[in-house]
Amino acid sequence: MQQRMRPTVTAKTDLPPIPPALAGVALIDAPTCAAAGGMSVSWWHEEVRTGRAPAPAVRQPRCTRWRLPDVVAFWQAFASKGEADAQGAEQVTAKARKASAAARAKRAAGASAAAQ
């Protein structure tokens with residue numbers, strides 16, 4: 001019995017890295033831009049539409065490309081913003097814990113006063 005041959009599919013992650021000499025002029029597509037940050041392509045297009053992500057360098061039918069340095073700068077700024085948001089989230093969490101403890105103490109004081 002013959003074995004069936006399976007088609008070979010190359011995933012975006014299986015592509016060779018961009019040579020450093022070409023990194024400044026490299027153009028990449030939307031799936032690659034989104035994959036660089038672990039996001040979906042639809043999320044990437046929404047960021048571009050709203051102006052938060054860089055505008056494409058080439059916009060032709062079925063061929064939209066972004067400059068690699070622009071995308072790298074976007075993801076670096078996005079990551080640093082995330083670090084700042086994480087610090088802010090920690091401060092909010094600390095305030096919420098303090099408020100919760102105060103509310104618990106107030107309820108306990110009210111319950112003990114009502115029991116007397």
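The values are calculated or read from the model by the stated rules, or taken from the named source; none is laboratory data. Given the structure is predicted, the values throughout are model-derived calculations rather than measurements. For neighbour counting, all protein chains shown are included, and Cβ atoms are generated from backbone atoms with ideal geometry for every residue, glycine included.
Here are a few things to note about the model shown:
- The residues in the stretch 64-82 that are outside any strand (DSSP E or B) and touching a helix residue (DSSP H, G or I) at 6+ places or on another chain (Cβ under 7 Å) can be counted, and the count is 2.
- If you filter the stretch 35-63 down to residues that are among the β-branched types (Val, Ile, Thr) and assigned to a helix (DSSP H, G or I), you find that the one that is farthest from residue 23 (Cα to Cα) is 50.
- Pairs with Cβ under 6 Å, 6+ apart, first in the stretch 66-79 and more than 14 Å from residue 18 (Cβ to Cβ), second part of a helix (DSSP H, G or I) and small (Gly, Ala, Ser): 75/36
- Pick from the stretch 26-50, criterion under 16 Å from residue 67 (Cα atoms), β-branched (Val, Ile, Thr) and out of contact with any Leu (no Cβ under 8 Å at 6 or more places or on another chain), ranking: modelled with the lowest pLDDT: 32
- Hits in the stretch 60-70 (condition: surrounded by 10 or more Cβ atoms within 10 Å (Cβ to Cβ) and of a type outside the set (Phe, Trp, Tyr)): 63, 64, 65, 67, 68, 69, 70
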